[in-house]
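Okay, structure first, notes after.
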Amino acid sequence: DTLITDCLADRTISFELPQVLDNCGASLTPVLVSGLESGSVFPPGLTEQIFEVMDSSGNVATCTFMVDIDVLGVEVEVDEPTCFGFANGSLIARPINETGNVFFNWDNGSSASTLMGLAGGTYTVTVVDDAGCSRVEEVTLTEPDLLTVEIDSFIRATGEEANASIII
């Protein structure tokens, strides 16, 4: 397998055609039957390359290899604030397909992977790995709506008795 790790989502990948040896000394050229040509832009993920060659007797040989383009990604776990006006939400940034150490830079100045004590709002994290690849993710924490209470009626106490009530 060929593993190519790079910062870009799409990469131009060049490779040499597989070498073919024939026991009769014939010059044979493999033909791409599945995958992308050398010099093509390969998408992120796995691309299977299949080459075939046929000799003068009709014998067929196949050569297969994979091109794997890994791209730095970021997954952010969100824990929303529990009540209106509370600052008890949190965000945890987790890198995907990173190379080496990872560095975090949140828009509030934090360099930790986890932010805690957050109110509702939009937060942005930039993640950079040792290869210099970077990824920016924006996440919005949504706080619950403000609870409001409407009083339908209020009954005053009569005399000395504690019989007042509020109906919501």
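The values are calculated or read from the model by the stated rules, or taken from the named source; none is laboratory data. Computed from a prediction, not measured in an experiment: that's the story for all the values here. Please note: Cβ atoms are built from the backbone with ideal geometry, for glycine as well, and neighbour counts cover all protein chains shown. Surface areas here come from the heavy atoms of the whole protein model, side chains and all, with no ligands, DNA or RNA. Shrake-Rupley method; radii C 1.70, N 1.55, O 1.52, S 1.80 Å.
Hey, can you tell me all the residues within the range 51-66 that are open to solvent by 80 Å² or more (accessible area, probe 1.4 Å) and of a type in the set (A, V, I, L, M)?
Those that are open to solvent by 80 Å² or more (accessible area, probe 1.4 Å) and of a type in the set (A, V, I, L, M): MET54, VAL60.
Within the set of pairs 6+ apart or on separate chains, which have a first residue in the range 64-79 that is closer than 17 Å to ASN97 by Cα, a second that is open to solvent by less than 50 Å² (accessible area, probe 1.4 Å) and of a type in the set (Asp, Glu), and C-beta atoms under 8 Å apart?
What qualifies is ILE69/ASP6; ASP70/ASP6; VAL71/ASP6; LEU72/ASP129; VAL74/GLU137; VAL76/GLU137.
Answer yes or no as to whether GLY120 is over 30 Å from LEU32 (Cβ atoms) and touching a residue at least 60 places away in the same chain (Cβ under 8 Å).
no
Evaluate the following for GLU52: is it at pLDDT 85 or above and in a strand (DSSP E or B)?
Yes; evaluated as a whole, the condition is true for this residue.
One residue is enough: does the range 97-110 have a residue meeting the conditions modelled with pLDDT of 95 or more, closer than 12 Å to GLU77 by Cβ and not hydrophobic (A, V, I, L, M, F, W, C)?
no
Can you work out which of the residues in the range 125-157 that are open to solvent by less than 70 Å² (accessible area, probe 1.4 Å) and free of Cβ contacts under 8 Å to residues at least 60 places away in the same chain is nearest to TRP106 (Cα to Cα)?
VAL125
This table checks each residue for (1) among the β-branched types (Val, Ile, Thr); (2) modelled with pLDDT of 95 or more.
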{"site": "MET116", "(1), (2)": "no, yes"}
{"site": "THR126", "(1), (2)": "yes, no"}
{"site": "ASP130", "(1), (2)": "no, no"}
{"site": "THR148", "(1), (2)": "yes, no"}
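Can you give me the number of residues within the range 115-148 that are of a type in the set (D, E, K, R) and in contact with a Pro (Cβ under 6 Å, 6 or more places away or on another chain)?
Here the count works out to 1.
Can you give me the number of residues within the range 85-109 that are exposed (fewer than 13 other Cβ atoms within 10 Å of the Cβ), assigned to a loop (DSSP other than H, G, I, E, B) and hydrophobic (A, V, I, L, M, F, W, C)?
Selection size over the range 85-109: 0.
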